[in-house]
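Novice: This is the structure I want to talk about, given as structure tokens.
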């Protein structure tokens with residue numbers, strides 16, 4: 001028996017003994033340790049952000065080089081998802097699509113993920129191709145970040161309510177891009193991706209309830225695939241049929 005294995009067994013027995021003989025002290029210690037860990041992690045995040053801001057101000061050439069290096073590494077990964085019935089059916093990179101090395105024509109939409117090193121965020125471009133067009137060009141991957149953000153976005157399906165977060169500072173993604181379309185097909189993908197639920201065959205209505213950036217409250221029935229919200233630079237439009 002190795003020394004490492006003996007040590008692990010000893011720690012496991014010690015943990016069981018302390019938990020059984022001194023439950024109050026044991027639980028109190030765990031709570032304190034958890035709190036300290038969260039606190040330390042928060043401090044590290046804050047300091048790291050300050051350090052990055054300092055680098056951008058004092059060493060622009062260095063940060064420019066690091067940005068280019070990070071982008072070159074990220075651009076070489078598979079950052080384009082083909083979505084059908086809410087699920088990823090193919091994963092590839094932008095260059096293969098633009099150069100027509102790969103061409104998938106049966107998807108509902110495409111999601112292009114572009115990492116923004118300055119904002120430490122991944123911008124998510126939703127690409128919906130016209131039924132008469134099977135190829136993507138460089139222009140399809142050009143995007144502009146919107147200036148809006150919904151104060152509240154909830155999806156109602158039957159008696160269930162789901163909070164929809166189109167931009168997350170915790171998971172570092174952003175769907176608030178100009179011309180991104182939020183419809184039932186996207187919501188099905190969102191439920192699978194973030195809630196691990198699949199409503200692709202659900203007969204229930206899909207109702208989006210929102211409070212927009214101007215504190216206007218409204219709802220839109222997106223059960224029909226033709227109904228949607230489209231993000232714009234300073235606002236949004238709703239389309240119903």
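Every read-out reported here was derived from the displayed coordinates using simple, explicitly stated rules and does not represent laboratory data. Small disclaimer: the values here were computed from a predicted structure and weren't measured. Reconstructed Cβ throughout: ideal geometry from the backbone, glycine too, with neighbour counts over all protein chains shown.
Novice: Take residue 232 and residue 144, extend 7 Å from each Cα along the Cα→Cβ direction, and tell me the distance between the two endpoints in nm.
Specialist: 1.1
Novice: Continuing with this model, one more query. Is the stretch 149-241 rounded, prolate or oblate when judged by the Cα gyration tensor, a ≥ b ≥ c being the square roots of its eigenvalues, rounded requiring a/c under 1.5 and prolate requiring a/b larger than b/c?
Specialist: Numbers: a/c = 1.56, a/b = 1.20, b/c = 1.29.
Here the stretch 149-241 falls in the oblate category.
Novice: While we're here: How far, in nm, would the chain grow between residue 89 and residue 207 when pulled straight, counting 0.36 nm per residue and subtracting the alpha carbon separation? The partial results should precede the final answer.
Specialist: Numbers: separation 118, 0.36 × 118 = 42.48 nm, distance 2.63 nm.
Stretched fully, the residue 89-residue 207 segment lengthens by 39.8 nm.
Novice: For the stretch 93-179, what does the alpha-carbon gyration tensor say about shape, rounded, prolate or oblate, given a ≥ b ≥ c as the root eigenvalues, a/c under 1.5 as rounded, and a/b over b/c as prolate? Display every interim value, and only then the final one.
Specialist: On the way: a/c = 2.43, a/b = 1.44, b/c = 1.68.
Because a/c hits 1.5 or more and a/b fails to exceed b/c, the stretch 93-179 counts as oblate.
Novice: Something else: Rg to Rh ratio, the stretch 119-159, alpha-carbon atoms and Kirkwood radius? Don't skip to the end; give the middle numbers.
Specialist: Values: Rg = 15.4 Å, Rh = 14.0 Å.
Dividing the radius of gyration by the Kirkwood radius yields 1.10.
Novice: Another question, then. Gain in length, residue 215 to residue 196, computed as 0.36 nm per residue apart minus the alpha-carbon separation, to one decimal in nm?
Specialist: Contour length minus the Cα-Cα distance gives 3.8 nm.
Novice: Take peptides 175-184, 135-144 and line them up by average Cβ neighbours within 10 Å, highest first, as a rough protection proxy.
Specialist: Most protected by this proxy first, the peptides run 175-184, 135-144.
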